[in-house]
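Below: the structure, in structure tokens.
What follows is calculated from the coordinates using simple rules that are stated; it is not laboratory data. In this text the structure is predicted, and so the values were computed from the model without any measurement. We place every Cβ from the backbone using ideal geometry, glycine too, and count neighbours over all the protein chains shown.
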């Protein structure tokens, strides 16, 4: 059997470039579900390319191989490199599997290590169709976040469980309307599959902190989805100023800081950049009200 030709081995690069172009073209206009799935495929192919390139470099002398591959990238697609692509696929799959298992382990460990209690579902918010838990976390930190667990059973197929967590300090700081707005924001993450895809991509980015491509994809998607979740909350509650008031109140508590958690949080990045983004989110929510008032006045 003939070895794969250069065009066949170059197919992952072509697909990766096409997915990258697709992400750029649809990033602002497409639905979150489509964007996140497109990003997941993009990252999977990137993992394949990175792993195969690393194996090629190791086979060809380490640092010397880096220079050779930089001068002549086509060497990676020579028929003699076919076995490297096979092992690169195995390595990429292992890397993605580790990220998934770590993501699940963090979520399960979180529920076992920390004291959580079931909260009554807000009466004015619709319950999602799938299994969803609303929990309180006994913590002095002001935070709200969501994640997805895959529950296994010998008697049935695996099923997903969405978990929304609010800290006790957050619950004590907000009134009922503000709490509902925060839950609605987290429901936006659940609806848009952020708790499945985005937290997974962020876990993978943390595993490969040296990789600027993964970091950029995860950061851009996080920012996009925080704004999208705000809009989802407004659609559910029809009270944009309530969510803006909740964000303002939590900012005043001075609790926005990086925690290194592998879940999608209400505060986004949680650092100085996170504070700036929250200010922008508040301004967008206020502008939405001002725009509606102006439209009503003109009508």
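For this structure, a couple of remarks:
- Length released on extending from residue 175 to residue 83, taking residue separation times 0.36 nm less the Cα-Cα span: 27.0 nm
- Cα shape, segment 84-204, gyration tensor, a/c 1.5 rule: prolate
- Label point distance in nm, residue 28-residue 59, each placed 7 Å from Cα along Cα→Cβ: 4.4 nm
- Within the listed set 153, 30, 80, the residue fluctuating most in the Gaussian network model of the chain (springs between alpha-carbon atoms under 10 angstrom) is 153.
- Prolate/oblate/rounded label for segment 1-112 (Cα gyration tensor, a/c 1.5): oblate
- Using the rule -39500 (n - 2.57) for each DSSP H run of four or more residues, divided by the residues of the chain, the 222 nm mean residue ellipticity is -21000 deg cm²/dmol.
- Segment 123-247 - percent relative contact order, Cα under 8 Å, separation 6 or more: 26 percent
- Mean separation of Cα pairs under 8 Å and 6 or more residues apart, divided by the residue count, gives the chain a relative contact order of 16 percent.
- Length gained when the stretch residue 253-residue 21 is fully extended (0.36 nm per residue, less Cα-Cα span): 79.4 nm
- Residues in segment 109-146 that a label on residue 153 would reach, taking backbone N under 12 Å of a point 7 Å out along Cα→Cβ: 131
- Extension gain for residue 286-residue 70 works out to 72.7 nm (0.36 nm per residue, less the C-alpha to C-alpha distance).
- The value of relative contact order for segment 1-112, using C-alpha pairs under 8 Å at least six residues apart, is 33 percent.
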